[in-house]
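Enquirer: Could you have a look at this structure, given as structure tokens, before my questions?
Read the figures in this text as sums done on the coordinates, not as results from a lab. Everything numeric here is computed off the predicted structure, so don't read it as measured data. Note: ideal-geometry Cβ built from the backbone for every residue, glycine included; neighbour counts use all protein chains shown.
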Amino acid sequence: QVQLVESGGGLVQAGGSLRLSCAVSGGTFIWSFMGWFRQAPGKEREFVAAISWSGATTYYGDSMEGRFTISRDNAKNTIYLQMNSLKPEDTAVYYCGAYSSGTYYNFGTYDYWGQGTQVTVSS
């Protein structure tokens, strides 16, 4: 069974940094893109970033570009999200997903999801 496991969340002050990890394991899965979404209480899930298997193509949500960086290590089947200059409005549960065919910014296109990791940014 394919599993995605996020880690690296926590509590940080505004202006600080965190690095999230998402590891794929437990089965055979050839993915085209992996991505990060986030969801705050009472709000819809929001696209954060996505990366192609080759790493040649990346996408970012409007409020993340310039602060967040997505990367991957295919040998470890792991993607990362480096989060800098964090703001209180970045507080959310961050989810990692993977898909073989679809649209990167649509959460419904993802075939697999992790359990999420909490990021809390204090002011």
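Enquirer: Taking θ = phi - 60°, what integer Hz values does the Karplus form 6.51 cos²θ - 1.76 cosθ + 1.60 yield along the range 38-47, in sequence order, with x for Gly and Pro?
Expert: Per-residue couplings from phi come out as 9, 9, 9, x, x, 10, 6, 5, 10, 5 Hz.
Enquirer: How large is ³J(HN,Hα) for each residue in the range 117-123, as worked out from phi by the Karplus curve 6.51 cos²θ - 1.76 cosθ + 1.60 (θ = phi - 60°), to whole Hz, x for Gly and Pro?
Expert: Along the range 117-123, the couplings run 9, 7, 10, 10, 10, 9, 9 Hz.
Enquirer: Could you please report the charge total around G108, scoring K, R as +1 and D, E as -1 over all other residues with beta-carbon less than 13 angstrom from its beta-carbon?
Expert: -1
Enquirer: Can you give me the relative contact order of the chain as a percent, contacts being Cα pairs under 8 Å and 6 or more apart?
Expert: Details: 304 pairs, mean separation 43.3, N = 123.
So the answer I get is 35 percent.
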